[in-house]
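Participant: To start, I am sharing the structure in question, which I have written as structure tokens.
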């Protein structure tokens, strides 16, 4: 942690509220939906059925992506307020839909035409069933130093209960050009989120029809964070957290955490170094989101001391897993266990090599385990804290005399989560 500046965390009150099912105002549109067929698909109004149908009316809260999305940009954003708004949005979602939205509750805007047509053919029971009724749901805080600012923020709950989040953090003295870049980054993120929403919605209908499974059923959350270091360069950090939803172990839950680093040097600068740590044993500083019960690291990748090549990486339990290929810095990548459950990767570049002068990406991951019974008790836990140390990440050339950044070096990401086994319940269930 930066010894000169304390990281600004979300408020203790915000964490206490985190992921608890509160009595919150329902913000989603409601519609009276008639039956399971007819010439019209659900929209902001009603789903019309033939006059001959005798199916009862069913009042359904409609999932519209806009109702479960938060976006904001500018110099005056409050990380604490945005976190609590995102938390309320997630709680609102689970109160309305449980873990996963039923096909009947998906709005037209979240489905392609082919899926809307397929939905018309679903049986009554398939139409209103929650296709994935249990799993972990999660949210991440925004953490930054006192002299940093949040320039852009995005959050969405997908119809499968998974969440996506975006942050763009800048120095307190950032100029208009930097804030414009933050807005552009947010817009690009929204394009990605809309694609993910479409895939998730389509998979819900296809799963209900028995055609395919839910998209990425074990995926909990994706967090994209951009950090602008001015003339030195820029980092884009992406962390994904997963739960192994297939594993049949009755005593342990298995999790996968991956972090992808993309670093781009500024004009006249070179990539110099980076450090990444992933810690499944981390507990939130407030004490309200401790690490998972009996949490321990079970597998890490890549490992050893290597340099200048691409390597294949994988994490797996007995049933499922993840795999990817990552580049390795041309001088060295050193993996160590500094203590506790922490996994650490130190990368160093040859400032005269090709990797130093261009955008470089690196991805690492950890498989961790926890006590299943205690982890699923509904309490809020921290799955891991993933931190990039950008100290002197960039230099001004082969014979460097200028390095940076030297302050605000840490880019932390962490996940708060809880077990959810809430099922979708129509207000007037079809009988």
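The values are calculated or read from the model by the stated rules, or taken from the named source; none is laboratory data. Owing to the predicted nature of the structure, the values given are computational and were not obtained by experimental measurement. Note that each Cβ is placed from the backbone with ideal geometry, even for glycine, and that neighbours are counted across all protein chains shown.
Participant: Restricting attention to the stretch 378-401, report how many residues are in contact with a helix residue (DSSP H, G or I) (Cβ under 9 Å, 6 or more places away or on another chain), crowded, with 22+ Cβ neighbours inside 10 Å and within 30 Å of residue 290 (Cα to Cα).
Facilitator: Adding up the residues that qualify gives 1.
Participant: Would you mind stating whether residue 88 is in the same structural domain as residue 214 (by TED's automatic domain parsing), in a helix (DSSP H, G or I) and either under 28 Å from residue 418 (Cβ atoms) or free of Cβ contacts under 8 Å to residues at least 60 places away in the same chain (or both)?
Facilitator: yes
Participant: Additional query: Quick check, is residue 245 surrounded by fewer than 15 Cβ atoms within 10 Å (Cβ to Cβ), in contact with a strand residue (DSSP E or B) (Cβ under 7 Å, 6 or more places away or on another chain) and assigned by TED's automatic domain parsing to the domain that holds residue 327?
Facilitator: Here the answer is no, as residue 245 does not meet what is asked.
Participant: Right, here's the next one. In the stretch 165-177, what residues are buried (at least 18 other Cβ atoms within 10 Å of the Cβ) and not in a strand (DSSP E or B)?
Facilitator: 174
Participant: Would you be able to say whether some residue in the stretch 193-215 is farther than 29 Å from residue 114 by Cα and in contact with a strand residue (DSSP E or B) (Cβ under 6 Å, 6 or more places away or on another chain)?
Facilitator: No: zero hits.
Participant: Next question. Any residue in the stretch 187-198 that is within 20 Å of residue 243 (Cα to Cα), touching a residue at least 60 places away in the same chain (Cβ under 8 Å) and assigned to a helix (DSSP H, G or I)?
Facilitator: Within the stretch 187-198 (the criterion being within 20 Å of residue 243 (Cα to Cα), touching a residue at least 60 places away in the same chain (Cβ under 8 Å) and assigned to a helix (DSSP H, G or I)), the answer is yes, since at least one residue qualifies.
Participant: Within the stretch 263-300, which residues are surrounded by fewer than 20 Cβ atoms within 10 Å (Cβ to Cβ) and not in a strand (DSSP E or B)?
Facilitator: Scanning the stretch 263-300 gives 266, 267, 268, 281, 283, 285, 286, 287, 288, 290, 293, 294.
Yes/no matrix, rows are residues, columns are (1) surrounded by fewer than 23 Cβ atoms within 10 Å (Cβ to Cβ); (2) under 28 Å from residue 236 (Cα atoms); (3) outside the structural domain of residue 71 (by TED's automatic domain parsing); (4) within 17 Å of the chain's Cα centre (by Cα):
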residue: 84; (1), (2), (3), (4): yes, yes, no, yes
residue: 117; (1), (2), (3), (4): yes, no, no, no
residue: 124; (1), (2), (3), (4): yes, no, no, no
residue: 158; (1), (2), (3), (4): no, yes, no, yes
residue: 162; (1), (2), (3), (4): no, yes, no, yes
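Participant: Is it the case, given these coordinates, that residue 335 is assigned by TED's automatic domain parsing to the domain that holds residue 257, touching a strand residue (DSSP E or B) at 6+ places or on another chain (Cβ under 6 Å), at pLDDT 95 or above and crowded, with 21+ Cβ neighbours inside 10 Å?
Facilitator: no
Participant: Give me the pairs: first residue in the stretch 344-363 and more than 15 Å from residue 398 (Cβ to Cβ), second residue part of a loop (DSSP other than H, G, I, E, B), beta-carbon distance under 8 Å, and six or more apart or on different chains, which are they?
Facilitator: What qualifies is 345/302; 347/328; 347/329; 360/329; 360/349; 362/328; 362/329.
Participant: I'm told residue 161 meets every condition in (1) part of a helix (DSSP H, G or I); (2) at positive phi except one. Can you identify the failing condition by its number?
Facilitator: (1)
Participant: Continuing with the same structure: May I ask you to list the residues in the stretch 311-328 that are buried (at least 16 other Cβ atoms within 10 Å of the Cβ) and free of Cβ contacts under 8 Å to residues at least 40 places away in the same chain?
Facilitator: Within the stretch 311-328, 326, 327, 328 meet the criteria.
Participant: Additional query: Which of the residues belonging to the stretch 294-326 are in contact with a helix residue (DSSP H, G or I) (Cβ under 9 Å, 6 or more places away or on another chain) and within 22 Å of residue 412 (Cα to Cα)?
Facilitator: Across the stretch 294-326, the qualifying residue is only 295.
Participant: Follow-up question, since we're still on this one. Taking into account only those residues within the stretch 338-350 that are in a loop (DSSP other than H, G, I, E, B) and out of contact with any helix residue (DSSP H, G or I) (no Cβ under 8 Å at 6 or more places or on another chain), which is modelled with the lowest pLDDT?
Facilitator: Of everything passing the filter in the stretch 338-350, 340 is modelled with the lowest pLDDT.
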